[in-house]
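Comments concern the structure below.
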Amino acid sequence: MAILHVLLYLLMIGLAWLFRASYIGWFGPYIFAAVVLLPLVILLVSLPSMTRLQIRFIAPPRVMRGGEAQLSLEFINPAHLPVHSVTVHLEIRNRYSGETSRQNFVFRNIESSRCEIPLPTKECGELSCSLLRYECRDLLGLFIIRRRGGTETLCTVMPSAVEADNQISFETTLSTATILKPKYGGGFAEEHDLRSYRPGDASNSIHWKLSSKTDSLIVREALIPENSTIFLVLSRVGENDRGLEVLRWLSRTLDELEEPHIIVADSLYSVGNESETDDAIASILSWPLREPCGFDAANARCVFMVFDGEVRTL
C-alpha cells in the first residue's frame, strides 16, 4: 500500500512538472512547489496524532467455548487530528494449549474510537491478547511511525458442564464411603449411635424413652464423618476438552449437593460453590496441560477420577 502511495505521489510530481514546462503563465512554478511541499505539510498536520495515539484492549473475562466473543480496540487520540490508517499487529496465545497466532489488522477513519475483532473460541483455554506493535500513517499514507505495543488483556474460554458418559449414583457412593466418628463435645448431628452411659456424658444426650425399657442408661452419641474430604482428579482430558466438561459438571453437581471438595489438577483447588468451581477451572486453563499433582488420599471420603468422558470412583 505504501508503494502505491509513493507511485501516485511521483505521478503527481510528474504531472506538475509537465504543467510547469508546458504552461507559460506565472503560477506554474508555484503549483510545482506546492505539490513538492505537500507531503511535508500533511506530515506536520498528522504528526501529533501519529506520535500520541494510544490503543487499549477490552475483552470479556470469560466466554463459553464455541460462543461469540469480541476483542474491542479503543483508540485514544488526544490530538484529535486525523491520520490515514493504523496497522495493528496482534498476538493471540492460548496459554492452555500453547497455540499462538499472529494477525495484522488495518483500521481507517479511526475517528470512531472503537473497533471489534473476533476471538477464537473453538478450544478451551486462557487467551492472552497482546499488542506487539502498531504503525500510524500520515494523511497521504507516505510516512510511517512504528510504535511498540505492550498492551495485554486476558479472556478465558470455559467448557460447558456436560454429564459423564457413565451413570453415577452420588448418594450411594458418598454414603458408603463415609466413616463416622463420635463428635467431640457432643451436640447435634445428623447421624448418631446408641451406647451405654459413661460418667461425664451430658444429661441431654440420654435417650430416656429407650432407657426406661432397659435396666441401664442409653446415650444418643452424635457422629460426624471422619473422612470428609472428596477429591476430583482430572486424570485425562481427551479430545475436544471432554474431560474439562465432565469435571465442571461433576464439581457443580457436588456444589448442588452441598458437598465441599478438592479439585486435583496442576494444583489443589478447594471448592465449595459454583463460583469457586468456575474460578478453579479458569485457573487450570491458565497453564499448559500437565499431569495432576500429588495428593494424600489415605483418609479420603471418596476420589472421583475423570478419564475423558467417564468418571471412576476409588
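Would you mind stating whether E126 is surrounded by fewer than 16 Cβ atoms within 10 Å (Cβ to Cβ), of a type outside the set (K, R), in contact with a strand residue (DSSP E or B) (Cβ under 6 Å, 6 or more places away or on another chain) and touching a residue at least 24 places away in the same chain (Cβ under 8 Å)? So E126 fails the test. For region 66-94, a residue qualifies if it is of a type in the set (A, V, I, L, M) and either outside any strand (DSSP E or B) or under 16 Å from the mean Cα position of the chain (by Cα) (or both), and the qualifying residues are A69, L71, A79, L81, V83, I92.
Looking only at region 1-39, residues that are at pLDDT 80 or above and exposed (fewer than 12 other Cβ atoms within 10 Å of the Cβ) come to 3 in all.
Among all residues of region 290-303, there is at least one that is modelled with pLDDT under 85, within 24 Å of R62 (Cβ to Cβ) and not hydrophobic (A, V, I, L, M, F, W, C). Sub-6 Å Cβ pairs linking a first residue in region 262-283 that is without any contact (Cβ under 8 Å) to a residue 12 or more places away in the chain to a second residue that is crowded, with 16+ Cβ neighbours inside 10 Å, at least 6 apart or interchain, are S270/I262, ordered by first then second residue.
Taking the criterion of being part of a loop (DSSP other than H, G, I, E, B) and touching a Gly at 6+ places or on another chain (Cβ under 8 Å), the residues of region 287-309 that qualify are P288, D308, G309. Output the number of residues of region 48-70 satisfying the condition of being surrounded by 12 or more Cβ atoms within 10 Å (Cβ to Cβ) and out of contact with any Ser or Thr (no Cβ under 7 Å at 6 or more places or on another chain). Of the residues in region 48-70, 8 are surrounded by 12 or more Cβ atoms within 10 Å (Cβ to Cβ) and out of contact with any Ser or Thr (no Cβ under 7 Å at 6 or more places or on another chain).
Condition check ((1) at pLDDT below 70; (2) within 30 Å of E274 (Cβ to Cβ); (3) not assigned by TED's automatic domain parsing to the domain that holds F57) across all residues:
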site	(1), (2), (3)
S130	no, no, no
R133	no, no, no
E152	no, yes, no
L194	no, no, yes
D215	no, no, yes
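The values are calculated or read from the model by the stated rules, or taken from the named source; none is laboratory data. Keep in mind that this is a model prediction, so the values were computed, not measured. With ideal geometry, Cβ positions are generated from the backbone for all residues, glycine too; neighbour counts draw on all protein chains shown.
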